[in-house]
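The values are calculated or read from the model by the stated rules, or taken from the named source; none is laboratory data. In this text the structure is predicted, and so the values were computed from the model without any measurement. Cβ sites come from the backbone with ideal geometry, for glycine too, and all protein chains shown count toward neighbours. SASA here: full protein model, heavy atoms, side chains in, ligands and nucleic acids out. Shrake-Rupley method; radii C 1.70, N 1.55, O 1.52, S 1.80 Å.
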Amino acid sequence: MILLNNSQKLLALYKSLARSIPESLKVYGSVYHINHGNPFNLEVLVDSWPEYQMVIIRPQKWEMTDDMDLYTNVYRIFSKEPQKSQEVLKNCEIINWKQILQIQGFQESLGEGIRVAAFSKSVKVEHSRAILFITEDILNLNASNKSKFGSWAETGHPGVEFESKTPNFKYAQLDVSFSGLVNDKWRRGKNERSLHYIKRCIEALPTACLLGPEGVPVSWVTMDPSCEIGMAYSMERYRKRGKMRQAMVQFMKYLRQNNIPFYLSVLEFNEDSLRSVRHNGFFEAACEWHQWTCYPQNLVPF
């Protein structure tokens, strides 16, 4: 695999990946953040250049020092020939199979290669899936538009004139001081490693929340290093009152104004969330969201 670290090549890759959306969207979103400050210190590997069949996004090795950190040890993959991916994945120079890790992508056919590679390393694999939701503009992307380098934060969050029937609520960017609250309410959180990850996301990536009368978030939403919207939550007493929709509408407006790609995933049995995202203009993509969680034999937690 070739390490792609030239800015012009990364921009060319970004434009090329747009032609394979939605299957490439997990990698496409990661390259967006790499091209705009790379706050999570990710790197891009391709099997060849300029013609490529496979792209792997992973953290730089000095980021992956904790073998138990599922939130950091994440590989995001897109392949034009996913059935042929197993030989690349077996390579310990590409995937550190000695760690607990996650592999994410929007191609179910990657699974066979992942399982074969994991089996050869005596690694247990758990597969989870969700419905991938996108908006019409993500399908109409023209990657050549206004894509420039630098941090997204240089533009700052716009001064949104937020109007509500209840004037005691204010739309704002989520402050890092509320990381503990987000961690306590996140289904995949509630531990020290997830708290560290949430703090990084809030500090480095776009977020949004609706502040209640006490100045505390009542609804919030964040973004991950691959441009996936997540951790969305509304406090129980404010549910079914349109607060999440208010926050999401303004957040999506901001992302569109700054040409930041976005998408989200929902578990198929989460009927409330499914109704909510459809109400916000998202629709089901042609492919699904997939995650393979890999446990080396000596680190299996059960």
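One table, with the values for the structure above:
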| quantity | calculated |
| --- | --- |
| Strands (runs of 3 or more DSSP E) within region 215-290 that include 3 or more residues not aliphatic (A, V, I, L, M) | 217-223, 228-234 |
| Residues (free of Cβ contacts under 8 Å to residues at least 40 places away in the same chain and open to solvent by 20 Å² or more (accessible area, probe 1.4 Å)) located in region 209-223 | 214, 215, 216 |
| Residues of region 61-96 classified as in contact with a Pro (Cβ under 9 Å, 6 or more places away or on another chain) and open to solvent by less than 20 Å² (accessible area, probe 1.4 Å), total | 4 |
| Qualifying residue in region 219-238 (condition: within 25 Å of residue 28 (Cα to Cα) and touching an Asp or Glu at 6+ places or on another chain (Cβ under 9 Å)) | yes |
